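What follows draws every value from the coordinates through simple rules; no lab data is involved. The structure presented is a predicted model; accordingly, all values stated were derived computationally and were not measured. Cβ placement follows ideal geometry from the backbone for every residue including glycine, while neighbour counts extend to all protein chains displayed.
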Amino acid sequence: MIVKVSDNIISPLGISTAENYTTVKAGRSELKRHDGLWNLPEPFTASLMPREAVNEMATQWHLDEAYTFFEKMIILSAAKALEPTDIDPSSEKVLFILSTTKGNVFLLDKRETGFPKERVRLGMAAKQMTDYFHNPNTPIVVSNACISGVCAQIQAMRELESGHFDYVITVGADVQSVFIVSGFQSFKALSVEPCKPFDAQRCGLNLGDAAATIIYTRKDQVEDTDWVAIRGAIRNDANHISGPSRTGEGSYRALQAVLDDVSPDKIAFINAHGTATLYNDEMESVAIERAGLSNIPVNGLKGYYGHTMGAAGILETILSMQAVDDHTILATKGFETIGVTHPLVLSNQNQTTEKHAFIKLLSGFGGCNAALLMAKGGEL
Amino acid sequence: MMQHTVHITPESVVVDGKVLSHQEKGAALLTELYRKHIGDYPKFFKMDTLCRLGFVASELLLQVEGAERFVPREDRAVVFFNRNASLQADTTYQATIQDPENFYPSPAAFVYTLPNIVTGEIAIRNKYYGETLFLVIENNDPNIISRQLENTFQDPQTQSILGGWLDCTDENHFEAQIFLIFKS
């Protein structure tokens with residue numbers, strides 16, 4: 001079975017998994033309104049990482065100014081996930097997979113002259129990380145829009161299952177920039193208020209900076225406390241490149257594929273994508289109902305972090321594992337009144353659970369959808 | 001088991017090892033191929049270069065496969081690799097925000113600033129509900145590509161993959177080297 005060895009989250013809410021979990025459980029967020037930041041003509045609300053804090057930590061890990069902010073984030077997250085383990089990251093049996101949508105895209109700005117332009121290539125950004133750890137393998141970058149973080153974990157599971165590697169270090173990250181914020185603004189997808197997933201008043205998403213890492217390995221004998229990645233699936237809507245399917249087609253099919261013959265009773269919750277855009281949340285409610293999971297609690301974490309893009313699938317999987325360890329279903333911050341047509345079990349208060357499994361669900365541009373079934377102890 | 005291949009560069013088009021004749025080069029070559037061999041999908045003209053390239057290459061590939069087209073299916077994955085992700089679309093979008101005095105972020109340009117959009121275009125055209133995935137690696141390394149494609153067959157639904165290398169740096173510089181591969 002494919003088992004989690006270690007993890008880390010670096011976000012405005014903390015630099016370790018434990019700090020992030022405690023802060024989220026307490027209901028706090030760093031989503032703030034920014035007026036005039038980066039000379040953007042319109043205000044936006046985002047969860048942004050204080051650059052000084054990252055630079056300070058980077059210095060401790062001997063990461064100098066030759067690394068971009070994005071590269072510092074991914075290296076630090078991987079380093080902190082590796083810290084408590086005895087894994088040798090320079091081994092040829094260790095693979096790095098990076099999940100990101102835009103990496104160092106800020107380098108396309110003609111005014112940015114501090115770094116070689118080739119670092120805008122995602123493979124070159126990832127290579128800064130593998131070189132730092134003296135890892136000999138070509139890093140694989142998953143760039144599959146907003147579902148990248150789950151796709152990266154699915155790729156990790158497959159690489160381990162086929163026996164090519166002993167450990168896969170799966171790092172997801174994106175950092176916000178004029179490029180990303182202005183693009184989402186042009187799409188009218190951003191809310192200037194903190195986002196309200198699944199709420200009747202929801203009016204768009206917020207963006208966020210984060211890096212998150214899960215290290216996976218293959219194990220024949222699984223302990224009760226081990227987190228097992230049971231199954232993942234990626235499915236397409238075959239409908240529209242930037243709008244979700246009205247029938248939730250890909251999301252429904254991904255849910256069906258990961259659930260297979262597992263009884264829904266075993267599932268503590270579905271951690272949804274829940275971006276708080278009108279169409280995404282509605283689509284997820286359709287998909288969850290079609291999959292026969294309407295009675296399973298659903299939550300979304302974008303109200304704490306905003307949409308962290310390439311990090312989201314990994315960050316939200318880590319927090320969901322922490323929550324199950326703590327017998328908790330985390331509150332959907334920002335949610336008040338149900339605003340999707342297919343009823344879901346949602347709450348803005350933390351709830352308790354004694355179940356040991358959850359489903360992570362994501363959707364993205366390009367009509368892509370992904371689901372991942374995780375179970376503690378591996379039995380379902 | 002690999003069946004059928006399509007290789008397109010700005011100067012040449014080769015389908016299953018046979019050279020396809022054409023007059024144009026670069027961006028105009030993709031339009032020529034569309035008009036001569038496809039012609040019924042005007043959405044082509046909205047697409048960025050990576051999508052045009054992937055769309056035309058996949059159409060030529062599926063035409064030589066000869067199977068019934070446009071039947072909804074979940075057993076075929078679309079998995080592409082490249083070096084430059086969505087660089088051409090990113091550069092186009094960046095131009096709309098580069099000048100603070102002339103700042104006009106374009107949603108039509110922004111939507112293509114993700115490399116996996118081309119997998120969605122192909123899924124929509126062909127009603128493929130299966131896996132779609134885009135992976136970025138520094139070099140067109142056949143060992144890494146075949147390892148990833150083999151891994152893709154671990155999804156029990158996936159019986160065939162439309163995949164391969166699909167890269168472009170600007171509208172006149174690109175390479176598609178794609179194929180169909182079936183579960184053995």
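Put in order of Cβ neighbour count within 10 Å, fewest first, the listed residues A:Thr130, B:Thr91, A:Thr59 become A:Thr59, B:Thr91, A:Thr130.
Would you mind telling me the antiparallel percentage of the DSSP bridges in the protein assembly as shown, rounded to 5? Percent antiparallel among DSSP bridges in the protein assembly as shown is about 65. Based on Cα contacts under 8 Å between residues 6+ apart, the range A:227-376 shows a relative contact order of 38 percent. With both labels modelled 7 Å from their Cα along Cα-to-Cβ, the B:Ser12 to A:Ser347 distance reads 6.6 nm. Antiparallel beta bridges, as assigned by DSSP with both residues in the range A:227-376, represent about 75 percent of the total such bridges.
Here the Karplus relation 6.51 cos²θ - 1.76 cosθ + 1.60, evaluated at θ = phi - 60°, turns the backbone of the range A:32-43 into coupling constants of 9, 7, 10, 9, x, 4, 6, 6, 6, x, 10, x Hz, with x for every Gly and Pro.
For the range A:266-380, what class follows from the C-alpha gyration tensor (a ≥ b ≥ c being the square roots of its eigenvalues): rounded when a/c is under 1.5, otherwise prolate if a/b is larger than b/c, else oblate? Note, shape of the range A:266-380 comes out rounded.
Note on A:Lys93: aspartates and glutamates with a C-alpha under 12 Å away, same-chain residues under 8 apart excluded, are A:Glu159, A:Asp166.
Which parts of the range A:1-25 would a label at A:Gln221 reach, counting a residue when its backbone N lies under 17 Å from a point 7 Å out along Cα-to-Cβ? Answer for this model: A:1-3.
Judged by the gyration tensor of its Cα atoms, with axes a ≥ b ≥ c, chain A is oblate; a/c meets the 1.5 cut and b/c is at least as large as a/b.
Span-like helix criteria (full DSSP H runs; alpha carbon extent of at least 20 Å along the helix axis; mean Kyte-Doolittle hydropathy of at least -1.0) are satisfied in chain B by B:49-65.
When A:Asp260, B:Asp48 are arranged by Cβ crowding within 10 Å, least crowded first, meaning fewest neighbours, the order is A:Asp260, B:Asp48. Dividing the summed -39500 (n - 2.57) terms of all DSSP H runs of n ≥ 4 by the residue count of the protein assembly as shown sets its mean residue ellipticity at 222 nm at -9500 deg cm²/dmol.
Dividing the convex hull volume of the alpha carbon atoms of the range B:2-182 by its residue count gives 118 Å³ per residue. So, R0 is 35 Å and r is the distance between the beta-carbons of A:His62 and A:Ala26; what FRET efficiency does that work out to, to 0.05? Efficiency, rounded to the nearest 0.05: 0.60. For the range A:187-202, backbone phi angles converted through the Karplus equation (6.51, -1.76, 1.60; θ = phi - 60°) give residue-by-residue couplings of 7, 6, 9, 9, 9, 7, 9, x, 5, 10, x, 6, 7, 5, 9, 5 Hz, Gly and Pro being listed as x.
When each of A:His327, A:His356, A:His62 is scored by the number of other beta-carbon atoms lying within 10 Å, the sequence from fewest to most is A:His62, A:His327, A:His356. From most to least packed by mean Cβ count within 10 Å, the peptides A:333-340, B:98-105, A:169-176, A:92-99 give A:169-176, A:92-99, A:333-340, B:98-105. Beta bridges per DSSP, both residues in chain B: antiparallel share near 65 percent. The relative contact order of chain A comes to 23 percent, based on Cα pairs under 8 Å that sit 6 or more residues apart. Filter A:Lys102/B:Lys127; A:Lys25/A:Lys302; A:Lys4/A:Lys266 down to the pairs with a C-alpha to C-alpha distance above 23 Å, please. Long pairs (Cα-Cα over 23 Å): A:Lys102/B:Lys127.
Once you reduce the range A:17-32 and the range A:55-127 to the center of their Cα atoms, the two points are 24 Å from each other.
On full extension, the segment bounded by B:Thr169 and B:Ala108 gains 20.1 nm, given 0.36 nm per residue less the C-alpha separation. With each label modelled as a point 7 angstrom along the Cα→C-beta vector, the B:His37-B:Lys127 pair spans 2.4 nm.
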